[in-house]
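Below: the structure, in C-alpha cells.
FYI, it's all coordinate maths here, none of it is from the lab. Small disclaimer: the values here were computed from a predicted structure and weren't measured. Every residue, glycine among them, receives a Cβ derived from its backbone with ideal geometry; neighbour counts consider all protein chains shown.
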Amino acid sequence: MARLSSLRRRRNGSISQIPVYYDTVVGSETALRFLIDQVGVERVVLGSDWPFVPWHPSPVTWLQGLKALTEDEKEKILWRNLEALLKL
C-alpha cells in the first residue's frame, strides 16, 4: 500500500508535497501500528484528548507499554519527531 501524503499547488501551478503529522489518539495498539506502517513513524507525534481520555489516563504510559513498537519508534513519537518539527 502506498504511503499517505498531502499535496499543495504552488503559485506557478506545480504541485509540492507538504508534511502531514498524525497523533497517537487512535484507540488501540493495532491501529497505531497500522498508522505507523502507512505514514512512517517520522510523521507520528504523541497526542491526547485530555481531559477526555476514557481509554487511558496517561498517553505516555500507554505508549511506553506497547509491545508492537520498538524503543526507537517510541522515542520518535514521544519527543524526537516534535523536536524535528519545531526545529529545536
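In plain terms, the residue of Leu86, Leu35 with the fewest other Cβ atoms within 10 Å comes first and the most crowded comes last, giving Leu86, Leu35.
Each of Glu29, Glu71 was scored by other Cβ atoms within 10 Å of its Cβ. Listed from fewest to most, they are Glu71, Glu29.
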